[in-house]
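One structure below.
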Amino acid sequence: MSENPLRKPNPLSQILQLLKKDFLFITREKYSFFVPFIFGFSSAVFLSFGLPYEVLSSHSYSIFWIVLLFSSVFPAQELMKYEEREEVILGILNSPVRKEVFFISKFFAVFFIFISVGTALFLFFVFFANMNLSLYAFLSFVLGGIGIVSLSVVFSSFFVKENINIPILIFLFPFFIPVIVGAISFSDGAFSSLKIILGFDLTNFFLSLALFDLER
């Protein structure tokens, strides 16, 4: 039996193709990865020498989260600027790719950078900033990253689309406060805080998926 030429495109195949394009951009324009990486490393080393040991030991995880947020939302905005500059979005609007597929591909690309940078920062802070090596601390930033990346992608899309040239973290930081509080509590063994993290993730992922729009 011949294959139907009018068959609808496979969303999974489209996501993989878009991810391949994003990873090619990341490897070509290395600043989207190395800028947050270098910023995080420099911050960890500076704080290890610039703050008293007692302050650093008691607040290292809070400082880690602040540095991680500054490092991790930058790639989302850079990816969306690239899509706009190369007129990729215009091509997608004229293609059968649904906006949900485009959002999910961007989510996975930025989440990969978030986890890569976050893992490196985690190790930097363990070795240079006296942060305790804790499985719960590691899991808290991995889980919390789902909601953070979702919001970063949808707001980066909006900022680039509307040509708003302000750092996105200034606008997003208040939205991140609940997950930061929950993650810090969870890293200290307060397992009830996991509800805050998961609630933040699910709410913001599906809300971002619904609000994501490519059209001007």
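No value in this document is a laboratory result; all are computed from the given coordinates. A quick note: this is a predicted structure, and the numbers were derived from the prediction, not measured. Every residue, glycine as well, gets a Cβ built from its backbone with ideal geometry; the counts of neighbours run over all protein chains shown.
Put a dot 7 Å past the Cα of E54, heading toward its Cβ, do the same for T119, and the two dots end up 3.7 nm apart.
Compared with the alpha-carbon gap, the fully stretched path from F127 to L12 is longer by 37.4 nm at 0.36 nm per residue. If R0 equals 25 Å, the separation of the Cβ atoms of R98 and F138 corresponds to a calculated FRET efficiency of about 0.15.
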